[in-house]
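Report on the following structure.
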Amino acid sequence: MKIIMLGAPGAGKGTQAKRIAEKYTIPHISTGDIFRANIKEGTELGKKAKTYMDQGLLVPDELVVDLVVDRVQQDDCANGYVLDGFPRTIPQAESLDAALAKLNDKVDYAINVEVPDENIIKRMSGRRACLSCGATYHIEHIPPKVEGVCDTCGKELVLRDDDKPETVKKRLDVYHEQTQPLIDYYNGKNILKEVDGTQDMSDVFNDIVKILGE
Ligand code: ADP
Ligand code: AMP
């Protein structure tokens, strides 16, 4: 099962992708997490990506496409994967489709988690992230057991630099301009599925399971 998560920044793609990965035993591949890990390790890729991420801009296609195309060909992806945060532009989607077609393969589902912009700004200011293991929380909806500490690995939780309200506004503009066109792109391929992301997280997940099957 090869799944793409679509939706605005903060719509809940990562939250749902983790649950999908667990239920269907497939890897969760988040390009945002890959970039943040590279930034933390101080790699060349991380240094380049950071300059764009800090401004709320997309990292250029050429820095992300090969990375994902290589990743989905690794052994653990043989039974499928859930892509979170990729593709984010039409050229990225076309490159992924072309690479999969060469392998006689294709994406099965593009799940769009729909949340209006006004809800997003609120959600993002409450998001807290563990930069060590990638877990995310929300100070109201999904608080950690101990404030500011990751339940999973015990490291400190932070408000991501790009979750500050000024940057979130920019990211939403970028989303509408460059990423939202993917909804029509996947609709045209008859694999688009829509879920209402304003519901409680478990209800969103139940709707996703109805689409993917038990
Ligand atoms: P994305 O991966 O799309 O950027 P996240 O999954 O990180 O979004 O979710 C953004 C924030 O909203 C996080 O703080 C998360 O805990 C919270 N969140 C996710 N889903 C819901 C939901 N259905 N209702 C309320 N808050 C949610
Ligand atoms: P995310 O964690 O998915 O919200 O991603 C955080 C940031 O990483 C984004 O705002 C972009 O700057 C960058 N990024 C992640 N995935 C991609 C992608 N597929 N294409 C371009 N930039 C990306």
Filter pass, residue 8 being out of contact with any Ser or Thr (no Cβ under 9 Å at 6 or more places or on another chain), within 16 Å of ligand 1 (Cβ to nearest atom) and either within 25 Å of residue 155 (Cβ to Cβ) or among the small types (Gly, Ala, Ser) (or both)
no
Given the residues 56, 14, 46, 10, which is the only one that is in a helix (DSSP H, G or I) and within 10 Å of ligand 2 (Cβ to nearest atom)?
14
Close pairs (6 angstrom Cβ cut-off, 6 or more residues apart or separate chains): over 19 Å from residue 167 (Cβ atoms) and of a type outside the set (Val, Ile, Thr) in region 49-71, away from ligand 1 (no atom under 16 Å from the Cβ) and part of a helix (DSSP H, G or I) anywhere
61/91; 61/92
Tell me, yes or no, whether region 71-81 has at least one residue that is surrounded by fewer than 22 Cβ atoms within 10 Å (Cβ to Cβ), within 11 Å of ligand 2 (Cβ to nearest atom) and in a helix (DSSP H, G or I).
no
Working only within region 1-20, note down all residues that are charged (D, E, K, R) and under 20 Å from residue 161 (Cβ atoms).
13
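To keep it simple, each residue is scored yes or no on (1) within 18 Å of residue 167 (Cβ to Cβ); (2) in contact with a Gly (Cβ under 6 Å, 6 or more places away or on another chain).
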site	(1), (2)
22	no, no
30	no, yes
83	no, no
92	no, no
105	no, no
117	yes, no
Would you confirm, using the coordinates I've provided, whether residue 87 is more than 30 Å from residue 177 (Cβ to Cβ) and not charged (D, E, K, R)?
no
Would you point out which residue out of 124, 53 is at pLDDT below 95 and under 17 Å from the mean Cα position of the chain (by Cα)?
124
Restricting region 22-32 to residues that are in contact (Cβ under 8 Å) with a residue 40 or more places away in the chain and surrounded by fewer than 19 Cβ atoms within 10 Å (Cβ to Cβ), which is nearest to ligand 2 (Cβ to nearest atom)?
27
Looking only at region 159-174, count how many residues are modelled with pLDDT of 95 or more and over 14 Å from residue 55 (Cβ atoms).
0
Qualifying residue in region 119-131 (condition: surrounded by 21 or more Cβ atoms within 10 Å (Cβ to Cβ) and touching an Asp or Glu at 6+ places or on another chain (Cβ under 6 Å))
yes
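This table checks each residue for (1) among the polar types (S, T, N, Q); (2) more than 22 Å from residue 198 (Cβ to Cβ); (3) in contact with a helix residue (DSSP H, G or I) (Cβ under 9 Å, 6 or more places away or on another chain).
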site: 129; (1), (2), (3): no, no, yes
site: 134; (1), (2), (3): no, yes, yes
site: 147; (1), (2), (3): no, yes, no
site: 153; (1), (2), (3): no, yes, no
site: 172; (1), (2), (3): no, no, yes
Search result, residues across region 11-64 that are within 16 Å of ligand 1 (Cβ to nearest atom), polar (S, T, N, Q) and out of contact with any Leu (no Cβ under 9 Å at 6 or more places or on another chain):
15, 16
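The values are calculated or read from the model by the stated rules, or taken from the named source; none is laboratory data. Quick caveat: nothing in here was measured; it's all calculated off a predicted structure. Every residue, glycine as well, gets a Cβ built from its backbone with ideal geometry; the counts of neighbours run over all protein chains shown.
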